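A short reminder: the numbers here are calculations on the coordinates, not readings from a lab. Quick caveat, the model's predicted, so the values are computed rather than measured. Because the Cβ atoms are built from the backbone with ideal geometry, glycine has one as well, and the counts that use them run over all protein chains shown.
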Amino acid sequence: MRFLIIGGSDAGISAALRARQLDDAADVTLLLKDDYPNYSICGLPFLVSGETPEPSMLAHRTRAELLAAGIRIRTGTTATRIDPQARTVTTVNPAGHEDILEYDACLVATGAESLRPPIEGLHLPGVFTMRWMEDGLAIREFIEKREPRSAVIVGSGYIGLEMADALTRRGIKVFLAGRSPSVLKTVDEDMGSLIAQELVRHGVSIFSGVAVESIQQEGSGLLVLGRGVEAYGDMVLVATGATPSTDLAQGAGASLGAGKAIAVNQRMETGVPGLYAAGDCVETYHRLLGKTVYLPLGTTAHKQGRIAGENAVGGDAHYAGTLGTQAVKVFDLVIARTGLNDHDATLHSVPARSVDVECTDHKAYYPGATPMHVRITGNPQTGALLGAQIVGSRRAEVAKRVDICAAAIHAGQRVDELIAMDLSYTPPLSSPWDPVQVAAQAWCDKLS
């Protein structure tokens, strides 16, 4: 059985490993444009900051480990065409040499590309995007050689926030410009304002609700101009989102779905015989909404890739669906979310009510207790738990607490059932009622 995988990041590697695990006779080949198989692109901000000192440390597995698992790896190889009738993939290497590879099953795991908004001057030296290893290495080299003193980040989402943290740690003054009224539009505005306060506390200047229109050369640096913003930096990072890489799959006859990503079913099939797709290039089934959305996440890519790999060798696995569970660390704070927030619920016409509480992450009498802001969202008609948002210290297990809520939503629990969950307790780590249960109680009390 010949399983050909186009893309060597999260989805591609997960598929290759699962296929080899289930069928050790399978001939599994990975095609990569770059030379970085199984590197964590989520770790790039920490490479830039210096917290992860060497690029090789971002490899989930070494090339030797992948080869030992029976996976063939062809780096520096670009797939240019899939012929689903002949079941072949045409490739080209950096020297321009073409090759044609045959397959029984093929997975498109081409990921996404940085969105390039209509801003004049994106081509100028010193203007960067952040998506792949080459991007992170180019920024790191620029900082080491040019020693910039200031930077403008266009985009206040996850990458923008992590890079504001990273560049500040390198002693670079950061100006953060975003279109949204507050930073991190995936959470409710008042929750994002808590992260904005943390950014300002560390010297980041924020321009919210602005529209960047141009980047101009100004002396040795760059001037960022637009409606509501004028900022000068020695470098500029454009981090305004991602667009799925779909050309290869479309050329093979695959359709597009939500977010103009590749349409797939829960088996990760494209509808083209023998052709699967997974990761940031595909739409994603949302477990709560019961429909597909475009929500590219590393955790989702790993799961989808595993399912595609299993099915490619004869399995019958199905993707259970995303809840959009995410977390990000910004300096000393963490913000995490899962399920639907107020904006999501309104957008999709889901009845929702949210309740906030502030409490300490563990018993106040034990040293080091810190405040946590917890928001629980539920359906007032059915009592169903719909979502959670938490902001707190990086020492307060914020991510794992939102995971409690994610597990409860995945299981279809009501808000009152979250109160009944048997959670661990010791004074240095929590309270007899965990903060998420305190919030659930407040939600039920308000409803009654």
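Tabulated results
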| item | result |
| --- | --- |
| Cβ charges +1 (Lys, Arg) and -1 (Asp, Glu), total dipole of the chain, debye | 220 debye |
| GNM result for the chain, Cα springs below 10 Å: residue of Gln437, Gln326, Gln197 fluctuating most strongly | Gln197 |
| Ranked Ile6, Ile82, criterion: other C-beta atoms within 10 Å, fewest first | Ile82, Ile6 |
| Distant-in-sequence amide H partners of Ala112 (H built 1.01 Å from N, under 5 Å) | Ser245 |
| Percentage relative contact order, region 116-238, counting C-alpha pairs under 8 Å, at least six apart | 32 percent |
| Sorted by Cβ neighbour density within 10 Å, fewest at the top, the residues Leu161, Leu423, Leu199 | Leu423, Leu199, Leu161 |
| Residues with amide H under 5 Å from that of Val238, placed H, sequence gap 5 or more | Phe128, Thr129, Val154 |
| Most fluctuating residue given options Arg146, Arg401, Arg414, as computed from a GNM of the chain linking Cα atoms under 10 Å | Arg146 |
| Cβ-defined net charge surrounding Leu289, 14 Å radius [Lys, Arg +1; Asp, Glu -1] | 0 |
| Residue among Ala242, Ala420, Ala252 with the largest mean-square fluctuation in a Gaussian network model of the chain, springs linking Cα atoms under 10 Å | Ala420 |
| Within the chain, helix-based [θ] at 222 nm, where runs of 4 or more DSSP H residues each add -39,500 (n - 2.57), nearest 500 | -8000 deg cm²/dmol |
| Region 139-252 - Rg (one decimal) and Dmax (whole number), Cα, Å | 15.2, 51 |
| Local electrostatic count at Ile409 - Lys and Arg +1, Asp and Glu -1, tallied over other residues with Cβ under 12 Å | +1 |
| Given charges at beta-carbon only (K, R positive; D, E negative), |dipole| of region 332-443 in Debye | 100 debye |
| Region 1-69 - convex hull of the alpha-carbon atoms, volume per residue in Å³ | 79 Å³ |
| Positive-end extreme of charge dipole, the chain - chosen from Ala406, Ala301, Gly392 (charges on Cβ) | Gly392 |
| Read-out Cα extents along the principal axes in Å, derived from the coordinates shown; its label in (i) 66, 59, 40; (ii) 83, 48, 42; (iii) 103, 60, 47 | (i) |
| Percent breakdown of C-alpha pair distances by 10 Å bin, ordered from the shortest bin, for region 293-433 | 11, 35, 32, 17, 4, 0 |
| Antiparallel %, DSSP beta bridges [both residues in the chain], to 5 | 65 percent |
| For Leu176, distant residues with modelled amide H under 5 Å away | Ile153, Ser205, Ile206, Phe207 |
| Relative contact order %, region 332-443, counting alpha carbon pairs below 8 Å whose residues are six or more apart | 32 percent |
| Dipole-positive endmost among Pro94, Ala105, His123 within region 92-159 (Cβ charges, Cα centre) | His123 |
